[in-house]
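As structure tokens, the structure follows; a few thoughts come after it.
Quick note: the coordinates plus some simple rules give every number you see, no bench work behind them. Computed from a prediction, not measured in an experiment: that's the story for all the values here. When we count neighbours, we look across all protein chains shown, and the Cβ atoms used for this are built from the backbone with ideal geometry, even at glycine.
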Amino acid sequence: MKMSGIQMVVESLRNELVDTIFCSPGGTPGDMVSYLSESDIRLVMYCHEQGASHAADGYARSTGKPGVVFCTSGLGLTSLVTGIATAYADSVPMVVFAGRGMSASSVYDAEVDMDISSITLPSTKHSIVVRSILDLPRSIREAFHLATTGRSGPVVLDLAFNAQTDTGIYRYPKNIDIRGYNPVYNSHQGQVSKAAKVLAKAKKPLIYAGGGIIYSGAHEELRQLAEKFNIPVTTTLMGLSGFPTEHPLALGMLGMHGTYWANMAVNEADVIIAAGARFDDRVTGRKSDFATKATIIHIDIDPAEIGKNICVDIPIVGDVKQVLLQLLQKTGPQDTQSWLSQINAWRSSAPMRYFQDPEGQICPQFVIEQIYEQTKGTALITTEVGQHQMWTAQFYKFNKYRSFMSSGGLGTMGYGFPASLGVQLGCPDDVVFCIAGDGSFQMNIRELATAVRYNLPVKVAVINNQHLGLVRQWQEMFFQSRYSSVVLQSAPDFVKLAEAYGALGLRAETPSEVIPVLQKALSAPGPVVIDFRVKAEENVLPMVPPNCSISEMVMTVE
Amino acid sequence: MRYVLAVLVEDKPGVLVRVAGLFARRGYNIESLAVGKTVEPMVSRMTIEVEADEKILEQIIKQLYKLVNVLKVSNLTEEPSVDRELVLIKVSADVSNRAEIQQIVETFRAKIVDVALNSIVVEVTGNQEKLEAIIMLLSQYTILEVVRTGKIAILRGSKAIK
């Protein structure tokens, strides 16, 4: 069938079952955008390209489907770089369509022209410059295939002007073979047997689960494996919501702001199964001291992660879901009761706590616990980056699969709010909360206009401590409280600002106001911003100071 | 240790920048790099020489494989292989020393490919040691310019990298 490049893009999106496009149009692909508005694909416009990309990211993380972004090339794409890099750092499937104004290459330095392939090179899984309409259908298929298979990630399609406007015969390839791209799904059976043998002899086994659990949909297999052999599970930040926080075998998060008992378990374990995790420095602390007593089994679909940060004993390259299923068929540890009691002893010796004085200022942790209580744990949570993010990881109970969306790898402030809009679009029946800091919320606050425009009933809980709290905490702990550039006294009145955008603004200044305000927000039909005035100098604890062993946790700050 | 990698890549615009970018980004230094077409259409072969320890080499190979345009990576250091490099050396020369230089050139089975009034250009092919040796000997005259192709390498025997 003969059609134009623009029609081909729309047709291909239909073939890929895309239902939502996140965009911020410029001159191009402006005509594509107007053509799309007549199709059955929903087009959501954002105020800024960065917002569109984070929204696509949130959509992808919450639904498991790739997020699709449309932008103009050049300046449009440069604004998108943070969003692409955020997705890349956390392996989020995303396909970006960037439309060029004029030429197929940047030879003329025309207006809005930029070598975006080079700009995005280190932060994309792949990028494809489409110079001719003949390559268009195949390139789109390749982009979706690359973005969603193996270790998923963002792919950029840079469409030359003539590839958008020329006409040609459309044939969309069903299956695709990319010679240099062969992700390993089926693991080496010898390695799995070796792992099972070591596991069967373990007295102190531990599963350390990362974001790979969520991307491969291995949460059920993980739970079954843990339950079958009574193996405790600790998760990374990215692994949150991959294993129910309230499960008796759950140890919570490990690492820098992890629980004391999870870190002690890592320290003392004799066998560790790292499942879809990458031994990031926030997890390991000082690498030479990490899990020195354990035989480490590392399951990952990306061979380059094996041996990159930590030398492991039994590498298994493959899909973590398949590998966990195979381990389920084998024999596991016989008796882990004394190990579990040991962990419970650590748990009771240093529980996670804070003190909410009913007459005092609001504790941020209390707000987060109440969000859980008031939504009965059913909400989908996005966070910005900072203290509120760590408190959310520590105090919210993620019992629901794919209920936590946060920028882990890159640590992008400004991610959470636009991401929550994408989550709400992908999951219209769920309650979506964005837990934000007063610093990070301001980074993409303009997307309140988008929330109002599409009436997305997202609830933004601003944990307002009038500081860039995490930086302040580091300055307090490691730089003798010499505060610099962390005080945010000139922040706007968030209630008035919400109202200015046409959203509902609420405020809680005392602990007794927290629950009523949350209830009011939940019953409001549209977007709500809640300004929680919290204690300014509350710290995220416990904490492993940088370059320390994870057994050297600081429990309190004097 | 110095390793020599044969990297088969798709012959497309931007592939060299991806490979070079990977080395730059991760702080691996390329000692030499040579690229050319192969007998297979649309497939080029890069010979990359890199200074690294074993652990870093393993990462380099894995990271190269992550590039979609990279088809195959072979470590030629592990197997018997032949490596060669070609160098062109422009030496300041006139009637007084041309004969002397010619003698050095013959000893190394090199060639004089250009003679001018005040200079000659020497072409020499060989392994690194041979090239270093002739450059050292010619440096007693004034070397005006040196250009090298970078190392290329191939396995001995019938086994081929495809």
Taking the dipole of the range A:2-169 about the Cα centre (Lys, Arg +1; Asp, Glu -1; charges at Cβ), the one of A:150, A:88, A:124 that reaches farthest to the positive side is A:150
Placed amide H near residue A:405: partners under 5 Å, 5+ positions off or other chain: A:381, A:382, A:383
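For chain A, what is the percent of antiparallel DSSP beta bridges, rounded to the nearest 5?
On the way: 6 of 72 bridges.
Approximately 10 percent, going by the DSSP bridge assignments.
As an exercise, use a Förster radius of 30 Å and the Cβ-Cβ distance of residue A:487 and residue A:555 to find the FRET efficiency, rounded to the nearest 0.05.
On the way: r = 27 Å, r/R0 = 0.89.
FRET efficiency, residue A:487 to residue A:555: 0.65.
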Between the range A:354-386 and the range A:390-436, what is the separation of their alpha carbon centroids in Å? 14 Å
Along the Cα→Cβ direction, 7 angstrom out, place labels at residue B:113 and residue A:19. What is the inter-label distance in nm? 6.5 nm
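Let's see if you can work this out: charge +1 on each Lys and Arg Cβ, -1 on each Asp and Glu Cβ, no other charges. What is the dipole magnitude of the range A:189-349 about its Cα centre, in debye to the nearest 20?
Numbers: 16 positive and 15 negative charges, 71 e Å.
It comes to approximately 340 debye.
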What residue among A:396, A:465, A:294 has its Cα farthest toward the positive end of the dipole of chain A, where the charges are +1 on Lys, Arg and -1 on Asp, Glu, each on the Cβ? A:294
Residue A:547/residue A:376 FRET efficiency (R0 45 Å; Cβ-Cβ; nearest 0.05): 0.65
What do the square roots of 5 times the Cα gyration tensor eigenvalues come to for the range A:327-474, in whole Å, largest first, as semi-axes of the equivalent ellipsoid? 31, 22, 15
Could you give the size of the charge dipole of chain B about its Cα centre, using +1 on the Cβ of each K and R and -1 on the Cβ of each D and E, expressed in debye and rounded to the nearest 20? 680 debye
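Counting other C-beta atoms within 10 Å, which of A:219, A:298 has the fewest, and how do the rest follow? The partial results should precede the final answer.
Numbers: A:219 21, A:298 26.
Sorted ascending by nearby Cβ count, the order is A:219, A:298.
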Using alpha carbon coordinates only, what is the Rg to Rh ratio of the range A:189-349, with Rh defined as the Kirkwood radius? 0.91
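Using a simple charge model, +1 on the beta-carbon of Lys and Arg, -1 on the beta-carbon of Asp and Glu, nothing else, what dipole does the range A:127-197 show about its Cα centre, in debye to the nearest 20?
Approximately 440 debye in magnitude.
As a footprinting exposure proxy, order A:427, A:71, A:23 by other Cβ within 10 Å, with the fewest listed first.
Working: A:427 17, A:71 29, A:23 25.
In increasing order of surrounding Cβ atoms, one gets A:427, A:23, A:71.
Test of understanding: ordering A:185, A:372, A:59 by Cβ neighbours within 10 Å, fewest first, what list do you get?
Details: A:185 15, A:372 20, A:59 30.
In increasing order of surrounding Cβ atoms, one gets A:185, A:372, A:59.
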Going through the range A:325-401, which trypsin sites (Lys or Arg not before Pro) have at most 11 other Cβ atoms within 10 Å and a DSSP loop state? A:353, A:376
Restricting to the range A:364-533, compute how many DSSP beta bridges are antiparallel as a %, nearest 5. 5 percent
Using +1 at the C-beta of Lys and Arg and -1 at the C-beta of Asp and Glu, which of A:557, A:441, A:248 has the Cα lying farthest in the positive direction of the dipole of chain A? A:248
Over the range A:151-197, how many percent of alpha carbon pairs lie in each 10 Å bin up to the one with the longest distance? 15, 28, 27, 15, 9, 6, 0
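Could you pull out the pairs from A:397/B:66; A:287/B:62; A:65/B:37 whose alpha carbons sit more than 28 Å apart here?
Details: A:397/B:66 36 Å; A:287/B:62 21 Å; A:65/B:37 39 Å.
As for pairs spanning more than 28 Å Cα to Cα, those are A:397/B:66; A:65/B:37.
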For the range A:241-308 and the range B:16-81, what is the separation of their C-alpha centers, rounded to whole Å? 32 Å
Residue A:38-residue B:81 pseudo-label distance in nm [points 7 Å out on the Cα-to-Cβ vector]: 5.7 nm
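Assuming R0 = 25 Å, can you tell me the calculated FRET efficiency for the pair residue A:247 and residue A:293, based on Cβ-Cβ distance, to the nearest 0.05?
On the way: r = 25 Å, r/R0 = 0.99.
Calculated value: 0.50.
Which number do you get for Rg(Cα) / (2.2 N^0.38 Å) in the protein assembly as shown?
On the way: Rg = 29.3 Å, N = 720, 2.2 N^0.38 = 26.8 Å.
Here the Cα radius of gyration is 1.09 times the empirical estimate.
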